[in-house]
Amino acid sequence: MGNPDNKQNKKDTLKLPELLKLLYLEIFKINDSPQKIALGFSIGIFTGVFPGIGPMVALFLAFLLRANRASALFGSLLTNTWVSFLVFIFAIRLGAHIFDVHWKSTLGEWNYWIKTLHWKGIFHVSLYHAILPTLLGYLIISLILALLAYLLAILLLKVGVKEKNRG
């Protein structure tokens with residue numbers, strides 16, 4: 001029949017939804033202040049939304065800022081990459097508005113690069129018309145989402161602590 005060690009190895013590997021659930025449950029069991037947990041979560045949300053950075057940067061920033069690393073990892077894994085795609089157009093529009101350039105030309109620059117999809121093409125993308133507005137848009141959106149995540153996490157953690165103390 002089958003090797004029992006193979007069955008055990010399959011059980012030991014966690015899929016992403018299981019890992020997220022485990023991290024979520026661990027966050028509420030952590031003996032850390034709600035502020036540190038919420039700060040870690042907001043760091044994770046920021047690094048998950050801002051393109052090009054992710055879980056490793058979240059852990060590093062959480063370490064530097066003495067925030068909760070498990071909640072930073074959870075926030076980053078929760079939002080990493082897929083949210084960046086969802087807010088792409090919003091980031092372009094916001095950044096283009098701030099830079100006072102037309103957002104459709106910014107989007108056109110990105111579309112050109114994506115269609116040609118070679119590294120040499122990145123030098124044809126305008127720094128002023130595409131890259132800087134988009135990065136500024138992402139920065140602002142990431143900061144707003146991180147702030148909202150911090151406030152929501154503080155609220156949930158404080159309610160959770162009150163419930164825990166009552167029960």
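The values are calculated or read from the model by the stated rules, or taken from the named source; none is laboratory data. Since this is a predicted model, take the numbers as computed values, not measurements. For neighbour counting, all protein chains shown are included, and Cβ atoms are generated from backbone atoms with ideal geometry for every residue, glycine included. What goes into the accessible areas is simple: the full protein's heavy atoms, side chains included, and nothing from ligands, DNA or RNA. Shrake-Rupley method; radii C 1.70, N 1.55, O 1.52, S 1.80 Å.
A compact table of results
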item: Segment 94-112 residues that are of a type in the set (Phe, Trp, Tyr), paired with ones that are at pLDDT below 90 and not in a helix (DSSP H, G or I) (beta carbon under 8 Å, 6 or more apart); result: TRP110/VAL125; TYR112/VAL125
item: Unique residue being surrounded by 24 or more Cβ atoms within 10 Å (Cβ to Cβ), without any contact (Cβ under 8 Å) to a residue 40 or more places away in the chain and more than 30 Å from TRP110 (Cβ to Cβ) when the list is ALA38, ALA62; result: ALA62
item: Pairs with Cβ under 8 Å, 6+ apart, first in segment 134-148 and closer than 10 Å to LEU94 by Cβ, second surrounded by 16 or more Cβ atoms within 10 Å (Cβ to Cβ) and among the polar types (S, T, N, Q); result: THR134/THR106; TYR138/SER84
item: Some residue of segment 60-67 being closer than 20 Å to TYR138 by Cβ and within 9 Å of the chain's Cα centre (by Cα); result: no
item: Subset tally (residues that are of a type outside the set (A, V, I, L, M), within 30 Å of GLN35 (Cβ to Cβ), open to solvent by 30 Å² or more (accessible area, probe 1.4 Å) and part of a helix (DSSP H, G or I)) for segment 65-110; result: 3
